[in-house]
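Chemist: Structure in structure tokens, see below.
No value in this document is a laboratory result; all are computed from the given coordinates. Bear in mind the structure is a predicted one, so any value in this text is a computation, not a measurement. Neighbour counts are summed over all protein chains in view; Cβ atoms, including those assigned to glycine, are modelled from backbone coordinates with ideal geometry.
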Amino acid sequence: MRSYLKKPLEDELYRELINYCRGLKTGHFGAAVRFELLDLEPVGREEMRRLGTYGVIKGARHYVLGAVKEGPGALEDLGYTMEKILLKATNLGLGTCWLAGTFRRSAFAAKMGLAEDELLPAITPVGYPAEEVSAADRLFRFSAGSAKRKKWAELFFDADGETPLTETKAGDYREALEVVRIGPSASNRQPWRIIKDEAGAFHLFLKESKIYNRILGKIRIQNIDMGIAMCHFEMAAQELDLPGQWITDTPPPDFPGLQHIATWKCNN
Ligand SMILES: Cc1cc2nc3c(=O)[nH]c(=O)nc-3n(C[C@H](O)[C@H](O)[C@H](O)COP(=O)(O)O)c2cc1C
């Protein structure tokens, strides 16, 4: 959602969201994450202009700001934990929008008292969606091809890394894969690829757009996407009572053009 009502969050929702944010400390790579829920109401006009989103977000009064300590897996951990916040907010009936590009990073970073070894990879507005969608919102969604997603055959594969994994062969994990597929990603590029091996493990890879992923320097935007995928897969598996976990220290064989991120091992 990119258009919001100016209405503040109800106290109870505010408290629930802030407590949820504070409870999240790290993801599967052990990087320290930190979240703030910012209220723009007390902020003056001048500062408000500095805290801009280049006109992309309209009307939002609250933002969640996501920081992480630099290190291996930092962007994945930020993506994984922050997506939990976006899902929580959605569950509370609120609108959100991942922003990693279109916001004034240094102004928001100052609001958070960012430490030297911390990054502020992303923020999201949280609030009540406006009934009328702004022109900027429509344009953004159109240019990113939002609502469209790649087909299964382009994303999920058998052990050889080439044969498409059919929904039937995905078995109990069909829905866990489906929620990865329909998830959000930066510019809707959908860089996640998953290979199911003969033992039934799911290997998650990044198919990186090299130039795009490096535009923001240390903030590798597509590694955030990978953390989001880990979050979706794991939460679906939990919902479906499929025991297992992400393992990050045992890479599978190499597949050309793909970077291994993590492997889901089923416990059965
Ligand atoms: C890591 C990440 C960064 C994003 N950054 C921005 C951004 O800077 N500005 C923006 O308007 N949308 C941003 N988005 C939202 C995507 O454009 C959007 O999720 C994608 O186009 C799919 O659309 P949908 O989520 O509406 O289906 C970002 C999404 C992700 C996951």
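Chemist: How far is the Cα center of the stretch 188-242 from the Cα center of the stretch 12-64, in Å?
Modeler: 24
Chemist: Could you list Glu239, Glu46 so that the one with the fewest beta carbons within 10 Å of its beta carbon is first and the one with the most is last?
Modeler: Glu46, Glu239
Chemist: Test of understanding: what is the full-extension gain from Ser143 to Gln238, defined as 0.36 nm times their sequence separation minus their Cα-Cα distance?
Modeler: Contour length minus the Cα-Cα distance gives 30.8 nm.
Chemist: Here are some pairs, Lys84/Lys265; Lys148/Lys265; Lys169/Lys265; which of them have Cα atoms lying more than 19 Å apart in this structure?
Modeler: Checking Cα-Cα distances, Lys84/Lys265; Lys148/Lys265 exceed 19 Å.
Chemist: Ranked by Cβ crowding within 10 angstrom, fewest neighbours first, how are Tyr54, Tyr14, Tyr128 ordered?
Modeler: Taking fewest neighbouring Cβ atoms as first place, the list is Tyr54, Tyr14, Tyr128.
Chemist: Picking from Ser209, Ser185, Ser134, which is most flexible by a Gaussian network model of the chain using Cα springs under 10 Å?
Modeler: Of Ser209, Ser185, Ser134, the Gaussian network model singles out Ser209 as fluctuating most.
Chemist: Which one, Gly161, Gly95, Gly217, has the greatest fluctuation when you compute a Gaussian network model over the chain with C-alpha springs under 10 angstrom?
Modeler: Gly217
Chemist: Separate question: Restricted to Cα positions, what overall size does the stretch 11-139 have along the principal axes? Three whole-Å values, descending.
Modeler: Sorted from largest, the Cα extents of the stretch 11-139 read 40, 31, 30 Å.
Chemist: Among Ile57, Ile215, Ile224, which one shows the biggest mean-square fluctuation in a GNM of the chain, springs joining Cα atoms closer than 10 Å?
Modeler: Sorting by GNM fluctuation, first place goes to Ile215.
Chemist: With a cut-off of 8 Å between alpha carbons and a minimum separation of six or more residues, what is the relative contact order of the stretch 167-265 in percent?
Modeler: About 33 percent, as a whole number.
Chemist: Next question, about the same structure. Dividing the alpha-carbon radius of gyration of the stretch 144-266 by 2.2 N^0.38 Å (N being the number of residues), what value is obtained?
Modeler: Normalised Cα radius of gyration, the stretch 144-266: 1.00.
Chemist: While we're looking at this one, here's another question. Quick check on my link table: of Lys25/Lys69; Lys150/Lys207; Lys25/Lys210; Lys151/Lys207, which ones sit more than 18 Å apart, alpha carbon to alpha carbon?
Modeler: Result: Lys25/Lys210 exceed 18 Å.
Chemist: Over all distinct Cα pairs, what is the inverse of the mean 1/r for the chain, reported as the Kirkwood hydrodynamic radius in Å?
Modeler: In the chain this quantity evaluates to 19.2 Å.
Chemist: Set the Förster distance to 30 Å, then compute FRET efficiency between Asp11 and Met48 from the Cβ-Cβ distance, nearest 0.05.
Modeler: Efficiency, rounded to the nearest 0.05: 0.85.
Chemist: Sum -39500 (n - 2.57) across every DSSP H segment of at least 4 residues in the chain, then divide by the residue count to get the 222 nm mean residue ellipticity, nearest 500.
Modeler: Per the formula, -10000 deg cm²/dmol.
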